[in-house]
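**Student:** If you scroll down you'll find the structure; I have some questions about it.
Every number here is computed from the coordinates shown, using simple stated rules; none is lab data. Worth saying up front: this structure is predicted, and the values here are computed from it rather than measured. We place every Cβ from the backbone using ideal geometry, glycine too, and count neighbours over all the protein chains shown.
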Amino acid sequence: MQIQYINEMLDLPELTISQILFISSDELHLEALPVDYKQACPCCKSDQAVIRKGYNDMRKIRHLAVFEKKTYLCVPSIRMYCVNCELGFGWVYDFVGPKQRYSHLFRSRVVAQALGSTAVHSARMQQAPISTVQDMHNQAVPVLCQQLTEQAWEEAQQTPDLVLGIDDFAIKKGHTYNTGIHNLKGETMLDLLPGRKLFDLRAYTHEYPLFRMLKPKAVVMDLAQAYHTWIRECFPAAIRIADRFHVHGYVIDSVQEVRKTVQQTLSPRAKAHLKANHRLLNPPAEALDAENRKRLEVLLGYSSLLRETWEWKEAFTVWYDCSPDFAVAKLGFERWCEQGQTIDHAAVHVTLKTMRNWQEEIVNYHQCRWTNATVEGRHNRIKAYQRRHYFTRNYGRYKAGILVECNRHRMLA
Ligand SMILES: [Zn+2]
């Protein structure tokens, strides 16, 4: 094996490989020496009066694998002495921290691997003890979190026409909620806070005044009153937008309520058929293939009430997709509400009441067409993260883990 080649592969410019000490099918021990002869004195910052006083023991540092072998670099603990300052000091290596047994590159590789999967997986991949990998991971996450979060906030502060997304997600199934604050344009998660009540939200603003310094042009949220009140307090000038997919969800729910009512009136066979295919009512007609569209047509044929409601739902998609501007959208919304008013079903009227209550926020979509769709995707990542990492009671660590999980795509930048 060419030593020169290994030297280049390691890419540690401060070192030169002097010899191979040991090689087996799965391990490689290399002796490496510093390229420089001496280092500056920590006191006078000069190497003028520095002399070398020999070696202590060799340090054995685990480094990235070479030829897929566990690789150790054996480097001397060189002692030096500054004659001027009468100070003895040891050699400082850039590639490894003082008293550490794993190089910086090894640590960051292990951590990167653990972030994408689990510490157990990373430990297996790198043939390192699980507890060691867990320690490295636990030490790295707060640092990464701070770096990534600072980067994300700086970007948010500088984004012209910033658009924020606010949404909640469950910590444990259905019990506790977090609120996530997202930069929709920048596709980053800025922060999360425990809870979703107005009290929790105000406490956050109090604790993190930086939040109110942001200048969002618009904020996208579901129809939770607390969010809208909070955002109106923080950013009176921002356009508050009801998230399209949450809003559409109410309409779909009322289609399904009508379907359940209709089902009761049908023959056993039709009833079973409608029940089995009820999901076909949800997507826009144009998203269905020919086969499913035929099936849907059969379902709608069972009841004119169901067809009316389904058409009203379709009209909503058209309103969202095709309103050319805000003014037209306002009129279109009114017409769509009137269309719903003619449908003889309580569930539709309840939904219409909600829609009218939130009319301004719903129509605001046509001032600034953003949705929390990317946030929903991020929630899936958070769920997967929560499954991988057993639930931690330490909120700070939990929060850092989530923020790193949601922003680590920025680590490449
Ligand atoms: Zn000195």
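**Student:** If you plug each phi of the stretch 119-125 into the Karplus form 6.51 cos²θ - 1.76 cosθ + 1.60 with θ = phi - 60°, what whole-Hz ³J(HN,Hα) values come out, in order, with x for Gly and Pro?
**Tutor:** 4, 4, 5, 4, 4, 5, 4
**Student:** Take Met355, Met411, Met136 and order them by how many other Cβ atoms sit within 10 Å, fewest up front.
**Tutor:** Met411, Met355, Met136
**Student:** So for His278, His345, His182, fewest C-beta neighbours within 10 Å to most, what's the order?
**Tutor:** Fewest-to-most Cβ neighbours within 10 Å comes out as His278, His345, His182.
**Student:** Could you compute the net charge surrounding Tyr365? Neighbours are other residues with a C-beta less than 9 Å from the C-beta of Tyr365; K and R count +1, D and E count -1.
**Tutor:** 0
**Student:** Under 5 Å between amide H atoms, partner at least 5 residues away or on a different chain: which partners does Lys197 have, H built in plane at 1.01 Å?
**Tutor:** Long-range HN contacts for Lys197: none found.
**Student:** Per-residue ellipticity at 222 nm for the chain, helices alone: DSSP H runs ≥ 4 residues times -39500 (n - 2.57), over residue total, nearest 500 deg cm²/dmol?
**Tutor:** Result for the chain, helices only: -15500 deg cm²/dmol.
**Student:** Order 27-40, 103-116 from most to least packed using the mean count of other Cβ atoms within 10 Å.
**Tutor:** Ranking, from highest mean packing down: 103-116, 27-40.
**Student:** Lys/Arg Cβ at +1, Asp/Glu Cβ at -1, dipole of the stretch 295-338 taken about the Cα centre: which of Gly301, Trp312, Phe333 is farthest positive-ward?
**Tutor:** Gly301
**Student:** Taking the Cα centre of the chain as origin, sum charge times position over the Cβ atoms of Lys and Arg (+1) and Asp and Glu (-1), and report the length of that vector in debye to the nearest 20.
**Tutor:** Roughly 1220 debye for the chain.
**Student:** Using 0.36 nm times the number of residues separating Gln134 and Asp161, minus their current alpha carbon distance, what extension gain do you get?
**Tutor:** 5.6 nm
**Student:** Could you give the angle, 0 to 90 degrees to the nearest 10, between helix 104-116's Cα long axis and the longest principal axis of the Cα atoms of the chain?
**Tutor:** 20 degrees
**Student:** Something else: May I have the extent of the alpha carbons of the chain along their three principal axes, as whole Å values ordered from largest to smallest?
**Tutor:** 95, 50, 38
**Student:** Just rank Met80, Met9, fewest to most, by other beta-carbon atoms within 10 angstrom.
**Tutor:** In increasing order of surrounding Cβ atoms, one gets Met9, Met80.
**Student:** So what J values fall out for the stretch 246-262 if you push phi through Karplus, 6.51 cos²θ - 1.76 cosθ + 1.60 with θ = phi - 60°, rounded to Hz, Gly and Pro as x?
**Tutor:** Karplus values, whole Hz, x for Gly and Pro: 5, 4, 4, x, 4, 5, 4, 4, 6, 4, 5, 5, 4, 4, 5, 4, 4.
**Student:** Further question on the same structure: Could you give the size of the charge dipole of the stretch 3-101 about its Cα centre, using +1 on the Cβ of each K and R and -1 on the Cβ of each D and E, expressed in debye and rounded to the nearest 20?
**Tutor:** About 400 debye.
**Student:** Then there's this: Taking the DSSP beta bridges in the chain as the whole, what percent of them are antiparallel, to the nearest 5?
**Tutor:** Close to 70 percent.
**Student:** So the label point goes 7 Å from the Cα of Cys44 along Cα→C-beta, right? Which residues of the stretch 79-93 then have their backbone N under 13 Å from it?
**Tutor:** 81-88
**Student:** In this model, which of Lys197/Lys217; Lys217/Lys383; Lys217/Lys353; Lys271/Lys294 are farther than 19 Å apart at the alpha-carbon?
**Tutor:** Checking Cα-Cα distances, Lys197/Lys217; Lys217/Lys383; Lys217/Lys353 exceed 19 Å.
**Student:** Right, another one. Once the Cα atoms of the stretch 244-367 are picked out, what are the Rg and Dmax in Å?
**Tutor:** 14.9, 48
**Student:** Same structure again: Provide the gained length on full extension for the span Ile3 to Glu286, in nm with one decimal, where the gain is 0.36 nm per separating residue minus the Cα-Cα distance.
**Tutor:** Taking Ile3 through Glu286 to full extension adds about 95.5 nm, to one decimal.
**Student:** For the pair Tyr385 and Ala346, how long in nm is the line joining their label points, each one 7 Å along Cα→Cβ?
**Tutor:** 4.3 nm
**Student:** Follow-up question, since we're still on this one. For the chain, what does the relative contact order come out to in percent, with C-alpha contacts under 8 Å and a separation of six or more?
**Tutor:** Reported as a whole number, the value is 12 percent.
**Student:** Excluding Phe67 itself, calculate the net charge of residues whose Cβ lies under 11 Å from the Cβ of Phe67, where each Lys or Arg counts +1 and each Asp or Glu counts -1.
**Tutor:** -1
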